[in-house]
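Here the structure is laid out as structure tokens; the discussion comes afterwards.
The values are calculated or read from the model by the stated rules, or taken from the named source; none is laboratory data. All figures in this text were calculated on a predicted structure; none of them were measured in a lab. In this analysis, Cβ positions are derived from the backbone assuming ideal geometry, glycine residues included, and neighbour counts consider all displayed protein chains. Accessible surface is based on the protein model in full, side chains and every heavy atom, while ligands, DNA and RNA are left aside. Shrake-Rupley method; radii C 1.70, N 1.55, O 1.52, S 1.80 Å.
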Amino acid sequence: MIVWVNGGFGSGKSTLVEELRGRLPEALVFDPETVGYLLRAVVPVPTGDFQDLPLWRSQVVSLATGLLAEYRRPLLVPMTLVRPDYRAEVFGGLTAAGADLRHFFLDLPEPVLRARIDGRGFFPDDPARDEQVRAWCRDRIPASTAAAGALPAGTVRLDAELTVGELADRVVAALAE
């Protein structure tokens, strides 16, 4: 089973996955960003977004299905994936490979998402780079907002203003259904 926790940058995906890790200790955490960082070290990413690389999308599918096959443990995946065509490609590849994909979307009003992004620190020793990352995340808020209005069938929408414990309770309950 793949538990994909989706939502805008700053919505709480990684925090929720860490909470779920404690409740589902057999699960592995697979963060597709690591695939992007690897690719960025090897090839240019002209747009600045590694999700635009077809190889990123295919490798996420390959690695996730490989982890499932090799270790036979659930995967917890914290990853913003809001472009409908990319989401369809990745999710379609996972389900075509036989993965039991459970999609959760952390939904937040835009002002709350913006405040969370502005309150985050990424590179404390490099304020200019820190602001560059925050600006990149803010620029992607409209895509996250649009994605919330067009989620694939079967998606469990979660109110990301709930506590992390409440969110984890809802995910665990949904997985038991």
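The C-beta contact set for the range 106-128 (first residue among the charged types (D, E, K, R), second residue modelled with pLDDT of 90 or more and open to solvent by 70 Å² or more (accessible area, probe 1.4 Å), distance under 8 angstrom, 6+ apart or interchain) comprises ASP107/ARG157; ASP107/ASP159.
State whether one or more residues within the range 61-78 are touching a residue at least 60 places away in the same chain (Cβ under 8 Å), loosely packed, with under 15 Cβ neighbours inside 10 Å, closer than 19 Å to ALA168 by Cβ and over 14 Å from the mean Cα position of the chain (by Cα).
Residues of the range 61-78 that are touching a residue at least 60 places away in the same chain (Cβ under 8 Å), as a first pass: 64, 68, 74-78.
Subsequent filtering for residues that are loosely packed, with under 15 Cβ neighbours inside 10 Å retains none.
Looking for residues that are touching a residue at least 60 places away in the same chain (Cβ under 8 Å), loosely packed, with under 15 Cβ neighbours inside 10 Å, closer than 19 Å to ALA168 by Cβ and over 14 Å from the mean Cα position of the chain (by Cα), one finds none in the range 61-78, hence no.
Can you pull out the residues in the range 112-126 that are of a type in the set (A, V, I, L, M, F, W, C) and closer than 17 Å to ASP139 by Cα?
From the range 112-126, those of a type in the set (A, V, I, L, M, F, W, C) are 112-113, 115, 117, 122-123; that's our starting set.
Hits for the range 112-126 are VAL112, LEU113, ALA115, ILE117, PHE122.
Can you work out which of the residues in the range 1-32 that are open to solvent by 50 Å² or more (accessible area, probe 1.4 Å), of a type outside the set (Val, Ile, Thr) and assigned to a helix (DSSP H, G or I) is nearest to ALA88 (Cα to Cα)? Here the answer is SER14. Inspect all residues belonging to the range 35-58 and state whether any of them is open to solvent by less than 10 Å² (accessible area, probe 1.4 Å), without any contact (Cβ under 8 Å) to a residue 40 or more places away in the chain and either part of a helix (DSSP H, G or I) or aliphatic (A, V, I, L, M) (or both). The answer is yes; a qualifying residue exists.
With respect to ASP100, is the statement that it is under 11 Å from SER144 (Cα atoms) and either more than 11 Å from the chain's Cα centre (by Cα) or among the hydroxyl-bearing types (Ser, Thr, Tyr) (or both) true? Step through it out loud before you land on a result.
Details: under 11 Å from SER144 (Cα atoms): no; either more than 11 Å from the chain's Cα centre (by Cα) or among the hydroxyl-bearing types (Ser, Thr, Tyr) (or both): yes.
In short, no.
Please indicate, with yes or no, whether at least one residue in the range 43-60 is small (Gly, Ala, Ser), at negative phi and in contact with a strand residue (DSSP E or B) (Cβ under 6 Å, 6 or more places away or on another chain). No, every residue in the range 43-60 fails to be small (Gly, Ala, Ser), at negative phi and in contact with a strand residue (DSSP E or B) (Cβ under 6 Å, 6 or more places away or on another chain).
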